[in-house]
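One structure is given here, and the rest of the page talks about it.
The values are calculated or read from the model by the stated rules, or taken from the named source; none is laboratory data. Bear in mind that the values here come from a model prediction, so they are computed numbers and not experimental data. Every residue, glycine among them, receives a Cβ derived from its backbone with ideal geometry; neighbour counts consider all protein chains shown. Areas reflect the complete protein model, heavy atoms only, side chains present, ligands, DNA and RNA absent. Shrake-Rupley method; radii C 1.70, N 1.55, O 1.52, S 1.80 Å.
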Amino acid sequence: MFTGIVEELGEVVALEPRGDSARLTVRGPVVTADARHGDSIAVNGVCLTVAGAAEGDSFTADVMKETLDRSSLGALRPGSRVNLERAVRADQRLGGHIVQGHVDGTGEVLSREPGEHWEVVRLSLPANLARYVVEKGSIAVDGVSLTVAAVTDDSFSVSLIPTTLELTTLGRKQPGEPVNLEVDVIAKYVEKLTAATAKGAVA
């Protein structure tokens, strides 16, 4: 599990296609400081498993077809900057919200509106995810825990503070660029439970 609080901006070293999968190598001295084989690291919000002991300040992970289909990782290139976060320990503060690292889909940056000390970014919202996104609710965008400032049927907006603009990829994303989206898992569980309850009541 993750919290959506990015620890560092990493850099893609290599993305090696392997048929219907790929092997990704990322440089990140902070997240690799104690990384071991089998550990989980979120890359732009996607939970990946360290495939081998970290070498120097880099780690390698295998990316399966399901992940490539649902996320923007397949579009990464050597030199791409990525948000990195290690899995949270049970004794740590939950600074953001519950993030699984299981990306639900992708959106794209639609517009950026600079403010004096912040920036409002509007992003597209896939139709199949719209029902899970609510004003003042939580959403992970490229692995960053954010509060939804406004939402329509096909888009939502977030307000980015200077720290987020400086320390994550969201400060650099331009209109037209893709982002990974993970909606609040609690909303999905509530939907399933209420649907089951309603079905039982009808039966």
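Structural remarks
- Strands (runs of 3 or more DSSP E) contained entirely in the range 135-203, each with at least 2 residues that are touching a residue at least 24 places away in the same chain (Cβ under 8 Å) and β-branched (V, I, T): 138-141, 144-151, 178-183
- Evaluation of A127 against the conditions (1) over 18 Å from G28 (Cβ atoms); (2) modelled with pLDDT of 95 or more; (3) surrounded by 14 or more Cβ atoms within 10 Å (Cβ to Cβ) shows that the sole unmet condition is (3).
- Any chance D69 is of a type in the set (D, E, K, R), more than 17 Å from E11 (Cβ to Cβ) and open to solvent by 70 Å² or more (accessible area, probe 1.4 Å): yes
- Some residue of the range 47-66 being under 14 Å from V144 (Cα atoms), open to solvent by 40 Å² or more (accessible area, probe 1.4 Å) and at pLDDT 95 or above: yes
- Any hit, the range 106-119, residues being surrounded by 12 or more Cβ atoms within 10 Å (Cβ to Cβ), hydrophobic (A, V, I, L, M, F, W, C) and without any contact (Cβ under 8 Å) to a residue 60 or more places away in the chain: yes
- Search result, residues across the range 73-104 that are under 20 Å from V183 (Cβ atoms), of a type in the set (G, A, S) and either in contact with an Asp or Glu (Cβ under 8 Å, 6 or more places away or on another chain) or not in a loop (DSSP other than H, G, I, E, B) (or both): A87, G101
- Residue match in the range 178-199 (condition: at pLDDT 95 or above and hydroxyl-bearing (S, T, Y)): no
- Those residues of the range 78-92 which are open to solvent by less than 40 Å² (accessible area, probe 1.4 Å), of a type outside the set (A, V, I, L, M) and within 20 Å of T3 (Cα to Cα), in sequence order: N83, E85
- Within the range 135-167, if we keep just the residues that are open to solvent by 10 Å² or more (accessible area, probe 1.4 Å) and among the hydroxyl-bearing types (S, T, Y), the residue that is nearest to G96 (Cα to Cα) turns out to be S145.
- Matching residues in the range 1-14 - criterion: being out of contact with any Leu (no Cβ under 8 Å at 6 or more places or on another chain) and either open to solvent by less than 20 Å² (accessible area, probe 1.4 Å) or without any contact (Cβ under 8 Å) to a residue 24 or more places away in the chain (or both): F2
- Subset of the range 32-46 that is of a type outside the set (G, A, S) and under 25 Å from L181 (Cα atoms) - its residue that is surrounded by the most Cβ atoms within 10 Å (Cβ to Cβ): N44
- Test: residue in the range 192-203 that is of a type in the set (A, V, I, L, M), closer than 20 Å to H117 by Cβ and open to solvent by 30 Å² or more (accessible area, probe 1.4 Å): no
- Set side by side, the residues P29, P17 differ, and just one is within 11 Å of D62 (Cα to Cα) and either open to solvent by 30 Å² or more (accessible area, probe 1.4 Å) or at pLDDT 95 or above (or both), which is P17.
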